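Here is the structure we will look at.
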Amino acid sequence: MKNIFLAVLMLLVNPFFSYSQEFSDLAKTPPMGWNSWNKFGCDVSEKLIKEMADAMVKSGMRDAGYNYLVIDDCWQIGRDAKGDIIADPERFPSGMKALGDYIHSKGLKFGIYSCAGSMTCQSRPGSRGYQFQDAKKYAEWGVDYLKYDWCFDEGQNAKAAYKTMSDALKETKRPIVFSICEWGGSKPWEWGEGIGHLWRTTFDIRDCYQCTFDWGGLGILDIIDRQADLWKYAGPGHWNDPDMLEVGNGGMTYDENKTHFSMWSMLASPLMAGNDLRNLDPTTAQILTNKEVIAVNQDAKGQQARRFMDMGEHEIWAKPLADGKVAICFLNRTETDWKLDYDWKKNTMYFVEDVKIKKETYIVRDLWEHKSIGTTEKNLVKSIPAHGVLMVVLSKK
Ligand code: GLA
């Protein structure tokens, strides 16, 4: 009764309340899907995207929750006399509406890419000056997700530029998830909620555990470090985006890929696979479709993990979950095994309002071994491999 009263009151005070609630509900949990960029770059085509749609179904990715299929840069080639955006007719001969229909027929959602600047990062036409026209076109094509980049921004104010496209998408009345790809320069976590559903926090990910590039590209460890202080900005409908997954692209070891996937899940990051799903090897499939790890990512509480203990090269991250559970990830940044001997009772976890490990007994479940490994009454003794993780969920006994 109290809730109904509050909702009516909100509607009277702010008639946009229900619409903004609907907008935020489009990404109650971090979006999941596949994006063409990390593996294929500009080599996108209707053939590739259709094959990937088929592969998402066949590989079990769709059923594991990956439902957005996003075509990144290079699908667009110009504008016609009316200013309408044109898809490359050689690469997309059937047109984007037909491709969208195909994607939808597989039980998937259709994502596309554009840029707030005059050109995209690969010098294709951007949306600057065409925001409403482009949004209308996307809606006609059945687009469900827009990733919106920040190249050739020509000194625009980032918040204003993203708000314009957000307004344009909202005007179509089609539910379209809006991914702000501004790389973190203007702190989009401070203004992105309500404008978009997710915002990139760094420059582009590289397929490596630890590496940095002059232009700003980063390996997974540096990206993880840059998320540590951002946890308070994430929540249902609005997520920090540490960039798309490189799992399965060949640049990292098995343990590093597991670390990448585990930490992205802990960070309540969008999970956008970026590898070739048409010949998915069993090891990569096992990582990407680990249901228990995905459940941590998709947890209804929508909290991002915090770095609870920083012991230099050994870290403990904690993510409060619904129903009083907690996900804990022990991260070994070093080149040697971490001989963990962890006394739960000594380490009170006051980081979440309702969890005090000292006072209660929890069951400890290993999310990669898929079994319970004791309770918090006893020390957790495990060897964590170099660059690896131990990821567990604590649930009350
Ligand atoms: C930027 C983005 C990438 C990708 C490319 C495409 O670098 O950050 O994720 O979309 O542009 O050109």
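The values are calculated or read from the model by the stated rules, or taken from the named source; none is laboratory data. In this text, all values refer to a predicted model and were calculated from it rather than measured experimentally. Neighbour counts are summed over all protein chains in view; Cβ atoms, including those assigned to glycine, are modelled from backbone coordinates with ideal geometry.
A few notes on this one:
- Residue in segment 268-277 that is more than 16 Å from the ligand (Cβ to nearest atom), crowded, with 24+ Cβ neighbours inside 10 Å, under 25 Å from residue 393 (Cα atoms) and at pLDDT 95 or above present: yes
- Going through (1) under 21 Å from residue 169 (Cβ atoms); (2) at pLDDT 95 or above one by one, residue 16 falls short only on (2).
- In segment 106-133, the residues that are within 16 Å of the ligand (Cβ to nearest atom) and not in a strand (DSSP E or B): 116, 117, 118, 120, 121, 122, 123, 124, 126, 127, 128
- Considering only residues in segment 281-297 that are assigned to a loop (DSSP other than H, G, I, E, B) and polar (S, T, N, Q), the one that is surrounded by the most Cβ atoms within 10 Å (Cβ to Cβ) turns out to be 290.
- Leading residue by the ranking (surrounded by the fewest Cβ atoms within 10 Å (Cβ to Cβ)) among those in segment 196-227 that are at pLDDT 95 or above and acidic (Asp, Glu): 225
- Subset of segment 209-226 (residues that are away from the ligand (no atom under 16 Å from the Cβ) and either in a loop (DSSP other than H, G, I, E, B) or in contact with a Leu (Cβ under 8 Å, 6 or more places away or on another chain) (or both)): 209, 210, 211, 224
- Enumeration of residues in segment 46-64 that are part of a loop (DSSP other than H, G, I, E, B) and surrounded by fewer than 19 Cβ atoms within 10 Å (Cβ to Cβ): 60
- Scanning segment 142-170 for residues that are within 16 Å of the ligand (Cβ to nearest atom), within 20 Å of the chain's Cα centre (by Cα) and of a type in the set (D, E, K, R), we see that the one that is farthest from residue 271 (Cα to Cα) is 149.
- Residue pairs whose Cβ atoms lie under 8 Å apart, separated by 6 or more positions or on different chains, with the first residue in segment 41-56 and within 17 Å of residue 94 (Cα to Cα) and the second of a type in the set (Gly, Ala, Ser) and not in a helix (DSSP H, G or I), are 44/36; 46/94; 48/36; 49/36; 52/36.
- Within segment 148-168, residues that are more than 18 Å from residue 238 (Cα to Cα) have Cβ atoms under 8 Å from residues that are of a type in the set (Asp, Glu) and more than 14 Å from the ligand (Cβ to nearest atom) in these pairs: 168/134, counting only partners at least 6 apart in sequence or on another chain.
- Within segment 228-246, the residues that satisfy the criterion of being within 16 Å of the ligand (Cβ to nearest atom) and not charged (D, E, K, R) are 239, 240, 242, 244, 245.
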